[in-house]
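The values are calculated or read from the model by the stated rules, or taken from the named source; none is laboratory data. No experiment lies behind these values; they were computed from the predicted model shown. Every residue, glycine among them, receives a Cβ derived from its backbone with ideal geometry; neighbour counts consider all protein chains shown. With ligands, DNA and RNA removed, areas are computed over all heavy atoms of the protein, side chains included. Shrake-Rupley method; radii C 1.70, N 1.55, O 1.52, S 1.80 Å.
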Amino acid sequence: DLLLKKSWNNAECWVSYSLSRAFNIAESLNGGDEYFAIDDHVHEFKIAGVYNIGKWRFTANWIFGSPKPWDELILTSTLQLSPDYEKNSSRLTPYHRLDAGIAYTHKISTTEIQLGVKGFNLYNRQNIISKPYSLTDNPLQDYLQGESIIAFTENYGLGFTPTIYLNVKF
């Protein structure tokens, strides 16, 4: 992990980068060789900034993550795992989003009240976070036609999500 931070009188900026690998080993998979763990996430890059002016606070955060592995099952015509199958050898698409917020802070005696709005995933990126599988609607018919009996569905993270919040500190 690497983090660079710069502060000014009324602003801060961060840039961070993470590099990691995660592997599993199982004698019954991939001939006993290592394979990518489902939470393997090679690169993650973030840029964040905060700007304060008077009682107002502006924030922005951009996140990029390299593709995570997923387990694409490949079957033979006899419904056995194909010799070409390798556990978690496929990858999802890269993940990225932009978040931003604005908040107003007001003090009353020793109490601080902050009211704000945050927007997550401002450009409404459809990030695929998983690809679970199930049998197709007609597996017997698909099998007889030589088609795959496995259907993959794409699960997406949240699209643009606005949030209003209130913080009170005593």
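Key figures for this structure:
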{"read-out": "All strands (runs of 3 or more DSSP E) inside segment 114-170 with 3 or more residues being loosely packed, with under 11 Cβ neighbours inside 10 Å", "value": "161-169"}
{"read-out": "Lone qualifier among A48, A26, A22 - being touching a residue at least 40 places away in the same chain (Cβ under 8 Å) and aliphatic (A, V, I, L, M)", "value": "A26"}
{"read-out": "Test set (1) modelled with pLDDT under 95; (2) in contact with a Phe, Trp or Tyr (Cβ under 7 Å, 6 or more places away or on another chain); (3) more than 30 Å from H43 (Cα to Cα) - D142 fails condition number", "value": "(2)"}
{"read-out": "Failed condition for W56, given (1) modelled with pLDDT under 95; (2) under 22 Å from A100 (Cα atoms)", "value": "(1)"}
{"read-out": "Index of the failed condition, I63 passing every other in (1) free of Cβ contacts under 8 Å to residues at least 12 places away in the same chain; (2) open to solvent by less than 60 Å² (accessible area, probe 1.4 Å)", "value": "(1)"}
{"read-out": "Sole exception among (1) of a type outside the set (D, E, K, R); (2) in a strand (DSSP E or B); (3) on the phi > 0 side of the Ramachandran plot for G31, by number", "value": "(2)"}
